[in-house]
Structure formats: C-alpha cells, structure tokens
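The values are calculated or read from the model by the stated rules, or taken from the named source; none is laboratory data. Computed from a prediction, not measured in an experiment: that's the story for all the values here. Every residue, glycine among them, receives a Cβ derived from its backbone with ideal geometry; neighbour counts consider all protein chains shown. Note: accessible area is taken over every heavy atom of the protein model, side chains too, but ligands, DNA and RNA are not part of it. Shrake-Rupley method; radii C 1.70, N 1.55, O 1.52, S 1.80 Å.
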Amino acid sequence: MSLMYPLCLLALLGVPVVILIYILKRQYTEQTVNSTYIWTLSEKFLKRRNPLSGLTGVISLILQILMIILIVFALVHPLIKLEGRAEEYCFVIDSSGSMNMKDGEDTRFERGKDEIEKIINESAKGSQYTLISMGDSATTVYERTSSKEIALKLLDELKPAYSGSDLQAGASAMQELFNETPSVNNYLITDKIFNLRENVEIINVVKDENNVGITSVNAVCENGEIKINGILNSYKMQNTVTVDVYIDGAPVPQASATVMCPPLKEMPAGMDTPFEIPPIPWKSGTYVSVRAVIREEDALKDDNEVIAYNKENNSQSSIIIVSPSPLFLEVAIDALGDYNVTTVTPAEYELSYEDKSYGLYIFDSYAPTKTPDDGAVWMVNVTSSSSNSGFTYRSSVELEEPTGFERTKSTSSIAKKLLDGVNANGAYLIKYLRYSTYTSYTPLFTTNGVPLIMAGENSYGNRSVVFAFDLHDSNIAMTGDFVNLIGNLLDYSFPSVLDKTSYFVGESAIINTVANSKSIKITSPLGDVKYLDTAQTLNEFVVNEPGTYTISVVSGGTESEYKIYSELGLDERTPTRVEDAFSVYGTPTNDRIDGEFDPLIIIFILIAVIFAADWMVYMYEKRQLR
C-alpha cells in the first residue's frame, strides 16, 4: 500500500486531543442546590436505570477516535497495490484531414476519441496509457501515464489536423514501445482500411459518409468578361452538384453551374468531373478574388469551396543591358516575353544612361564604378570590382581542356527555384574568373568547387546574379537549358511577393522578400500568426490549414496585403482509403503490471456510518437527562 499524501498523518494528533477533552469533561465542579431537587432527580434516574447508561460516554469517545482515524486515512489517500491486475495501452489516433468528416453530429475524430475514452474508463486502475496523434507530424500526447484523469483530459483537448498523416510513423512508435513491453495492448483509431495487421487492434470509425469536393478553380478576365472553370471530385454516386460563384466577395446570382449527369447515369465515384461557369460580364477589367462554393451539404465542409486570388505583379520590368556584344542575352530575354529592354555599349551607358533608373541592370564584360542601388543587378564576366556589388575580382583561370558545369547539390529555397528545369547537361567552358564574396551568395553551378553562376544580394540588399565567365568562352548559351535559366533568373530579379496563390494543405508556400522589407507577417485561416525572416531572399512556410492565408508586408513605410488559398489535399477528401498494412512485429506476452485499488469511497461510507452512530449515542444521552 502507498500513501499519496503522507504528511496528512500529522492530523492523528487530534486523537490525544479528543481523549484530553473527554477526561476534562468528567471533572465536575461542586455546587449547592436544594435537597428536594436532588431527591426528585435521583428518583427519576432510579426509575430509568439502564445498564448501558454508564458506557455511553466511552462509546462516544471510541466512535470519535475512529472517525478521526478514518478522516486522516482519507486525507493521506491510500492506494492498495494489486499484483498483475492492470495492463498497458498504446493508442495511435489518425488526426488527418479526412477524420473531420461528419455523419450527423459527430466527426470521425470525435468518434475515435470516444472509443479511446471507453477503453480507458473500462481499464483497471493503475494501467498505463500512451497516446500518439498522427497529424502534420507524430505527436506524443502522453506516454505511460497511469492517471486516468490526465489521460482523459488531454484526450478531450486533442484536435485533428488537416493534412495527411504518415501512419507508418505511428507504427514505428508502437513498435518501439512493443519492443520494451511485449504485453502492451495496441490500438489504431483510423478511417483507413488495412489489408494486413499484426499485434494491433484497428478501430475503424468510418460510417456511410458521402463527400463531393471542388478543386482547380481558374478564372480568366478578358474581353470584358470573366470565365471560370474547375473540377469536382465525387466519391460516391451523385446526381447533381451546384456550384455558386462570388466575385470580390459579392455573390453573382446568375453565375452558377449545375453539373448534371445523363439520364440513368450518375457522377462517377472517385472520378473528376469538370465544370464551367457561363461567362460573366465584367467591366472593371480585373478582379481580386473568385470564390466557388458547392451549394449542397455533405460530410466534409473543408473541401466545399475554393478561392482563386488574382496574383498581381507590380514589379518594374524594364531592363538595361550594358555590353559590347549582347547577342546571347538579348535573344534569351526576347524569347521569354514582353520585357522593356534597352541595350547600350559601356561608353553609351557612362555618357547618357548612368543616371536613369531600371528594374534590372545587366553588365556584361563591363564593371561600373558604382553598383546601381535602385534595382536588381547582373554581373557577367567583370574583371574589375564595383563598389557595393557584394564581391571582388581575384583572378582569371584558363583551362587546358573544356570543363563541364557542376549543378549545386544545395537544397536551399533559392537554389531549388532558380534551377527548376535547368541541368546544363553538355554545357562546358574553357575559361572562368575567381571572385571573393562579402555578402550572401548561393552557388548554382560550379567547376572544381569554384562558383560559375551564383545568386544573392549586394550591399544594398538588392538581388544580384553573377556569371563568373564570358558567355563566349562557353557553349551554355547554345544549350536548351539557357533560356530556362535566364527565365528563372528574371523571375528572381523581378520578384512578386507571391509566386502563386493556390496551394494544397501540407505544401510549402514560397514568399519572395522584396527590397527594403521590414516585416513579413503570416496570418493563418484559424488566426495563428508567425513572422518570416526579412533577411532571407526567399522564405518558405508550410500551409497546414485549409482556407485563406494573409501575408502582410511592410516595405518602405507602406503595408501591403496579399492572400493565398490552401485547399484540402485530394487524398483527405476520400471517404474510404485502403492501405497495405499496419503491423507491429514480435511475439506478444501476457505479462501484466500491478494495479491499484482506491478505498476512498469505502472510507467515506465508514465515516458516515460512524458519524451516524455517534449522533445516536449523543441523542440517547440527551433522552436520559430528561
């Protein structure tokens, strides 16, 4: 037996206090009274003489002492150990987005929590409980706690996520606990169906839910009208689905689409069905947002609407190329779109263009005395140093034979973005330059560990790209990757805050840090706030909630607001998914852990009985004195 509060034993000092009071109560004081009163009183007692009358005081004392002892016993809260009566439980609950599906009042996740609560309540006291939630990541809610109260309280506070879940990570956590305690009872609470399971009981919380989702909503504003289309995902047989449209937050009554299936047929389960809204007259020429909403209710509300935000790029797109031979750069930029390009020689630049402002300055085989501070800068094959460029020229290296380009193995955001679709296979060069950097640059291609192309920021904090070779000393401009590379570098040099405005839950959103940004605040659909590092050229954050994220950027004393929309993942919209296996390997044992018996209720009952008995004795004494 163990005592939860042993210090309460000090309350036993009340026993000698009660005895002392009893002794003092028996001391009578002498008083003078009328003799007639004494004879009358003695005659009354002689008539009612009872052999128990002399014991009532002692009985009352004994009952009061017993009551004190029981009260102290209740205060110390004893727990009686019961060998081999309790068990250990490990629960893995699927907290993925599909567990938010609702049939009636309860979601799958709530039904799963009810199952865990039932098992805990029915288990023997002293059992141990481990709970692992599989949402955005594996989260151990509690581990081997023996308190039912704590286990149930934390279970009640548990919330589902919206992304997918890696249930095999939960199996690994179970396996680790099983290796230590092969007698553990393993439970997986999920809405997935597993073809194979071992050493785990799977509690499936699926009911007959129906779901239809919407995705891939596109809006194009041209010729005085907005055209909207998208895709519906149906996971059961469905006759019709109606899609309503809101533009810039206002409903458009005439803009809706009812996706109807041919007679005697229905929308195929598990297949995508495209829809298209009839063209909507729109005189303003642009829009901020288009919201498409499924009118009918179903089991999962998180995939019943999508908002397509219009991505605006207000960046300056004027380019000046300062080069004695700009052909390669001119051709590549011309192939990429409608850029306002000015091409001049170094002498012309110094004479007439040095004081003009551009969004991008490209210096090819020429280094200005001072690096421009009002735009992005590319430096190609410069053999002298410019102030505030972020690098200095060191030397020139001629190769004995052509050497290939080595693509960086960096997994940084900037490297992934600028090398998207670019490998430079077959590209080589015969001469390159060595530079020393004093600001932050990321190598994109190297040779023998020496950077050939790198991107970063100059001393002004503006974006900068450096080519450490003459394009005429390499064949890279003749490869198919060159135009893609130049396109990526132009997107990097003319950044909009957002690359795109639509993501799925669990994806990483990329935020471009524009020049002179002081603050970038992200507000999630549920109101959570985080701040990004403005010192980073590119920032990433994971969208883990469905709905609208608001990005607030403070730059140059002005706050601008941008929005992106995060859709529920397509896998999480499926009412029923079949997985291969969920197994915990090993041979289980029947070993049990020691349980506990809490006698507190019995103690309280005994206290009540003794109190009632003492009250009866007291009433008996009062009656004898009448």
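Remarks
- Among the residues making up region 326-356, those that are in contact (Cβ under 8 Å) with a residue 40 or more places away in the chain and either more than 16 Å from residue 471 (Cβ to Cβ) or exposed (fewer than 13 other Cβ atoms within 10 Å of the Cβ) (or both) are 335, 336, 339.
- For region 144-156, filtered to residues that are out of contact with any helix residue (DSSP H, G or I) (no Cβ under 8 Å at 6 or more places or on another chain) and small (Gly, Ala, Ser), the residue that is most open to solvent (accessible area, probe 1.4 Å) is 146.
- Scanning region 496-528 for residues that are closer than 18 Å to residue 359 by Cα, in a loop (DSSP other than H, G, I, E, B) and hydroxyl-bearing (Ser, Thr, Tyr) yields 496, 513.
- Yes/no for residue 94 being under 19 Å from residue 577 (Cβ atoms) and either buried (at least 18 other Cβ atoms within 10 Å of the Cβ) or more than 40 Å from the chain's Cα centre (by Cα) (or both): yes
- Only one entry in 587, 523, 576 is at pLDDT below 90 and among the β-branched types (Val, Ile, Thr), namely 576.
- Unique match (being at pLDDT 90 or above, small (Gly, Ala, Ser) and buried (at least 21 other Cβ atoms within 10 Å of the Cβ)) among 474, 436: 474
- The strands (runs of 3 or more DSSP E) falling completely within region 272-332 that include 2 or more residues that are within 38 Å of the chain's Cα centre (by Cα) map to 289-294, 305-309.
- Members of region 179-217 that are more than 27 Å from the chain's Cα centre (by Cα) and under 30 Å from residue 280 (Cα atoms): none
- Scanning region 97-114 for residues that are in contact (Cβ under 8 Å) with a residue 12 or more places away in the chain and among the acidic types (Asp, Glu) gives a single hit, 103.
- Matching residues in region 454-485 - criterion: being in contact (Cβ under 8 Å) with a residue 40 or more places away in the chain, under 27 Å from residue 533 (Cα atoms) and of a type in the set (A, V, I, L, M): 455, 465, 466, 485
- Selection count, region 528-583, where residues are open to solvent by 30 Å² or more (accessible area, probe 1.4 Å) and under 18 Å from residue 307 (Cα atoms): 6
- Among the residues of region 126-143, just one is farther than 24 Å from residue 162 by Cβ and surrounded by fewer than 16 Cβ atoms within 10 Å (Cβ to Cβ), namely 143.
- Search result, residues across region 187-205 that are over 11 Å from residue 91 (Cβ atoms), among the acidic types (Asp, Glu) and open to solvent by 40 Å² or more (accessible area, probe 1.4 Å): 198
- All positions within region 157-186 that are within 15 Å of residue 140 (Cβ to Cβ) and open to solvent by 20 Å² or more (accessible area, probe 1.4 Å): 157, 158, 165, 166, 169, 172, 173, 175, 176, 180
- Residue in region 336-344 that is of a type in the set (A, V, I, L, M, F, W, C) and at pLDDT below 90 present: yes
A quick yes/no check of all residues on (1) under 25 Å from residue 304 (Cα atoms); (2) at pLDDT 95 or above:
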| residue | (1), (2) |
| --- | --- |
| 112 | yes, yes |
| 127 | no, no |
| 140 | no, no |
| 166 | yes, no |
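- Which listed residue, of 376, 415, is under 22 Å from residue 323 (Cβ atoms), open to solvent by less than 30 Å² (accessible area, probe 1.4 Å) and not acidic (Asp, Glu): 376
- Hey, residue 520 open to solvent by less than 10 Å² (accessible area, probe 1.4 Å) and without any contact (Cβ under 8 Å) to a residue 40 or more places away in the chain or not: yes
- Some residue of region 153-167 being assigned by TED's automatic domain parsing to the domain that holds residue 182 and more than 26 Å from residue 572 (Cβ to Cβ): yes
- Residues within region 360-382 that are in a loop (DSSP other than H, G, I, E, B) and either out of contact with any Phe, Trp or Tyr (no Cβ under 6 Å at 6 or more places or on another chain) or modelled with pLDDT of 95 or more (or both), tallied: 9
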